[in-house]
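Scroll down for the structure; my scribbles are underneath it.
Nothing in this text is a laboratory measurement; each read-out follows from the coordinates by a stated rule. Since this is a predicted model, take the numbers as computed values, not measurements.
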Amino acid sequence: LSDSNSTSVADPSKSLRSPLIVLRVKVDQAEKAFFGYATNISRSGLFIATTNPRQAENHFVIEFALPDPLGCQVQCTCAVVWSRQYSRKSIYGPGMGLKFVDLPEELAEAIDAWVQHRLPCPTVET
């Protein structure tokens, strides 16, 4: 994605994805905390399975830990690109597709490398 403020969908051919399960995703908003399960990640974003997806174009700070071999703690702003509500008629579960807005380039490159080659994350100074 060329514009970090854009809410367009990432081109799958440019951002390979991996079915990595990130067990806890925390979104703080005032006193409330949202927890969901990330099941798909790329350098440009991730999918979070949740029964309470947020509306498209909603921006918020997200925090999650990537498991070994990445072993990175990630905190960045993201934007909801699309969301899907629960429906008994759907074969797909509820959730939302998120685009990273300000993910540090070092982490984006590490996620990309891991997806392609399963390499560990570098240390990122905050």
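Assorted remarks:
- Karplus-derived 3J(HN,Hα), 6.51/-1.76/1.60, for each residue of region 74-88, Hz, glycine and proline x: 10, 9, 7, 7, 9, 10, 6, 8, 7, 9, 9, 7, 5, 8, 4
- Sequence-distant residues sharing a close amide H with PHE60 (under 5 Å, placed H): CYS78
- Alpha carbon convex hull of region 40-102, projected area averaged over orientations, nm²: 4.6
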